[in-house]
Amino acid sequence: MAKLLTLFISLSLVVSVQAQSVDCSSKAVQDSLFEIYSKKARAYGFLHPGWDQTYDSLLAICPNIAEAYQEKGIPHVANGNYEKAYEYNNKAVELDPHRWTPYRGYLNCIYTKNYEKAITDFEAAEKLTPNAFILDHSFSFYIALSYMESGQYDKAETYFLKDIAQQKRGEGKNDIHFNSLLYFGILYYLMNEFDMAQKYLRDCLVLYPQQPMANYYMAMTLKVLGNNQKDIYFEKAKQYMLEGYRLNEPNSLYVNYPRQITMFEIEQR
Amino acid sequence: MKFVLLLFFLPLPVSGWCQNYILPYGEYMDTTMQINPKCHQVYPVFYYQVKTKYPVSTMTLLADVKTFMQMRGSKYAGTGYITLRFLVDCEGIIHKIRVLQTDDNYQSYRFDKKLVNDLNDYIHTLDRWEKGLSAYQLENVNYIAYLSFKIKNGEVVNVIH
């Protein structure tokens, strides 16, 4: 009986000391713990059960670490399990909306093509963290893509202009991201404004001449205009695609970006 | 008599008879897999580990599936996502098809069985999967891929792959 009592008191003390020694409300503590546990999880890789178990261990210590939920969502995003993917990402947004609202907007825009939700998330994100970027682009870029894919071209144009203005901030000497120019060109192609389409696609090709999509959409624009130079651009698109040049966007290995093409479309010319 | 009965049942549409298999780890259209002796007999890799996706654009796939569904001539209902995740063997044949379904808010949902069956029939028409791929110094690997169909009021409005 005495031994049992001693054990109980010891265990209570250990639990009490551990609970008191971790201040889960401290961002510094959260970041330190996350660094340790994410290193361990990445050693497994996100396909291994150890990935989820590692983050579960972390959340058992501090259940309010938003990044751990976002990381738990990664395998489900990659494998098309949207119920789980958004369950975890919604929890991340709930715990840290400043950081994770734009990421959920990105998932809605690029992965699940849920454009209304993407616009809602990015508009909220713009209020929380104005003029910020996620995965190489401004929030306006993703809003523009969402409007473009919803067929609301005038609104898409407004947001592509905002995206470019945001990139030009300061002295206005920054290069514009070549894929902002690509998609602005594609938008004008869809709007049948072929002069503007050529202008932006040409600007894109100045920065990234091997971009297969820019060459393809330039060829398609010239085809509509009856310009025989289309063949040159179709050939370039084919050549660069064969050489392994791609859209060059994060996660395009996992999911197709809007209007992304393959060799099949180039050969259908 | 048996022959007459057989003739009676044969013309019935096969898809209407498909039964899903609800297992503790998921819902499947098809749990069978014939091991192809030409493929490497290891645990399969994922599509991104062999850097492949179905090699046509989303626009092309969308137009294709819309045509297929129109030819079926059925009316469907529901809004959300139907994901079919499957194994592509080293010769481009798909097996062991898992079904994942959510509504537009990514909550668990069940669409009409006929819609799921018709999409399942559609993916069996796809014959451009990359074959004979290598990964981790293994040749002719099988890989896991998926296609998600975004559905709005019973109509396929986008494809995710």
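The single condition from (1) part of a helix (DSSP H, G or I); (2) of a type outside the set (Gly, Ala, Ser); (3) loosely packed, with under 14 Cβ neighbours inside 10 Å that A:Asp175 fails is (1).
Any idea which residue in the range A:77-127 is nearest to the other protein chains (Cβ to nearest Cβ), counting only those that are touching a Lys or Arg at 6+ places or on another chain (Cβ under 9 Å) and among the hydroxyl-bearing types (Ser, Thr, Tyr)? Step by step, filter the range A:77-127, then rank; the result is A:Tyr86. When each of A:Gln239, A:Gln210, A:Gln198 is tested for being assigned to a loop (DSSP other than H, G, I, E, B) and modelled with pLDDT of 95 or more, the lone residue that passes is A:Gln210. Screening B:Tyr76, B:Tyr109 for residues that are aromatic (Phe, Trp, Tyr) and within 11 Å of chain A (Cβ to nearest Cβ) leaves exactly one candidate, B:Tyr109.
Of all residues in the range B:132-161, those that are within 12 Å of another protein chain (Cβ to nearest Cβ) have Cβ atoms under 6 Å from Cβ atoms of residues that are part of a strand (DSSP E or B) and exposed (fewer than 15 other Cβ atoms within 10 Å of the Cβ), 6 or more apart or on another chain, in B:Lys150/B:Val157. Kindly evaluate A:Glu83 against the criterion of being under 30 Å from B:Gly80 (Cβ atoms), modelled with pLDDT of 95 or more and among the acidic types (Asp, Glu). In short, yes.
Here the range A:34-51 is the region considered, the condition is being in contact with a helix residue (DSSP H, G or I) (Cβ under 6 Å, 6 or more places away or on another chain) and open to solvent by less than 70 Å² (accessible area, probe 1.4 Å), and the residue that is nearest to the other protein chains (Cβ to nearest Cβ) is A:Phe46. Taken over the range B:18-55, residues that are assigned to a loop (DSSP other than H, G, I, E, B), under 16 Å from the mean Cα position of the chain (by Cα) and within 14 Å of chain A (Cβ to nearest Cβ) amount to 3.
Does A:Ile266 satisfy the criteria of being assigned to a helix (DSSP H, G or I), surrounded by 20 or more Cβ atoms within 10 Å (Cβ to Cβ) and within 13 Å of another protein chain (Cβ to nearest Cβ)? Spelling it out, A:Ile266 is indeed assigned to a helix (DSSP H, G or I), surrounded by 20 or more Cβ atoms within 10 Å (Cβ to Cβ) and within 13 Å of another protein chain (Cβ to nearest Cβ). Residues considered: B:Val99, B:Val157. Of these, the only one that is in a strand (DSSP E or B) and surrounded by fewer than 21 Cβ atoms within 10 Å (Cβ to Cβ) is B:Val157. Scanning the range B:112-128 for residues that are assigned to a loop (DSSP other than H, G, I, E, B) and more than 13 Å from chain A (Cβ to nearest Cβ) yields B:Asp112, B:His124, B:Thr125.
Selection of the range A:250-262 for residues being surrounded by 15 or more Cβ atoms within 10 Å (Cβ to Cβ) and without any contact (Cβ under 8 Å) to a residue 60 or more places away in the chain yields A:Asn256, A:Gln260, A:Ile261, A:Thr262. Residues of the range A:58-110 that are among the polar types (S, T, N, Q), out of contact with any Cys (no Cβ under 7 Å at 6 or more places or on another chain) and either open to solvent by 10 Å² or more (accessible area, probe 1.4 Å) or within 19 Å of A:Val29 (Cα to Cα) (or both): A:Gln70, A:Asn79, A:Asn81, A:Asn90.
The values are calculated or read from the model by the stated rules, or taken from the named source; none is laboratory data. These numbers come from a predicted model, not from an experiment. Don't worry about glycine lacking a Cβ; one is built from the backbone with ideal geometry, like all the others, and counts go over all protein chains shown. Heavy atoms of the whole protein, side chains included, go into the accessibility calculation; ligands, DNA and RNA do not. Shrake-Rupley method; radii C 1.70, N 1.55, O 1.52, S 1.80 Å.
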